[in-house]
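Here is the structure we will look at, set down as structure tokens.
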Amino acid sequence: MAAAQAEAAAAQEAGANAEAAVKAALEAEAAEAAVAKVMQTPDRRPPPASPTAAESAPEPTVAQPDMEPESVVFRKKGGTFRPHVSKDDRDKLLFDITEITPPPRKLGTFRLEPSAACGDLISARVRVEGESEKVEQPFIIKKVSWKYEYLQGSYRMVAKGADVKMVSRDSTEKFLSRMLPSKSPADDAEEEALDRAPSRQREKIDDYPPLTFDEGVPPL
């Protein structure tokens with residue numbers, strides 16, 4: 001009796017396992033069919049917008065200047081053109097800077113642009129009165145000078161100089177000159193008359209005849 005019941009339970013369990021296997025196979029087949037259907041369905045999404053002409057145009061490139069060598073100047077001499085070579089090193093000379101505010105003082109030797117001229121503003125580290133260390137000070141060029149020497153059959157530039165004035169001092173002087181009254185033509189005429197007065201006085205004295213003294217009478 002017990003053996004018959006055990007066989008029946010085993011048969012029932014085997015049948016349940018077979019049903020579960022069939023069900024799993026059916027579910028797997030249904031899943032594969034669904035995937036295949038999705039893969040075969042056409043894509044109804046709108047196609048991506050094509051880029052506009054402005055967007056599709058290539059980005060502009062910045063033109064890089066060509067590195068050209070320096071130009072060579074040719075000067076005509078003796079009927080032929082020859083490369084011009086400077087006879088001196090004027091573009092390499094340093095400037096002897098002098099501050100002309102009374103009392104004048106030399107600030108030192110500095111390298112400036114070869115084309116430095118009157119009215120240009122320069123900045124240099126100099127020692128200011130009352131300061132122990134050099135500080136940066138702005139100056140304005142008032143005069144530029146060049147020194148030449150006769151060397152090897154021609155005059156050659158051998159030194160450069162520049163007279164400068166502190167910007168603050170120059171501004172103060174300009175302000176005071178605007179504040180002071182300007183001279184009128186009458187004042188100029190009066191100054192000229194005063195300048196000529198001694199000469200007129202000498203002319204009047206020269207008009208008188210020379211004095212003569214009798215012999216034996218000493219002159220006063």
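A few comments on the model shown:
- Estimated Rh, segment 86-177: Kirkwood, alpha-carbon pairs, angstrom: 14.5
- When each of K77/K143; K87/K174; K106/K174; K92/K174; K76/K147; K76/K142 is checked by Cα-Cα distance, pairs over 29 Å: K77/K143; K87/K174; K92/K174; K76/K142
- Cleavage-rule hits (trypsin sites (Lys or Arg not before Pro)) in segment 74-117: DSSP loop, at most 13 neighbouring Cβ within 10 angstrom: K87, R111
- Stretchable slack from S171 to L26, in nm (0.36 nm times residue separation minus alpha-carbon distance): 41.9 nm
- A cut-off of 5 Å between modelled amide H atoms, ignoring neighbours fewer than 5 places along the same chain, links A159 with K147.
- Considering only alpha-carbon pairs that sit under 8 angstrom and 6 or more positions apart, the relative contact order computed for segment 86-177 is 30 percent.
Values quoted throughout were computed directly from the atomic coordinates according to the rules given, and no laboratory measurement underlies them. The structure displayed is predicted, hence computed values, not measured ones. A quick note on method: Cβ atoms are made from the backbone with ideal geometry, for glycine too, and the neighbour counts reach across all protein chains shown.
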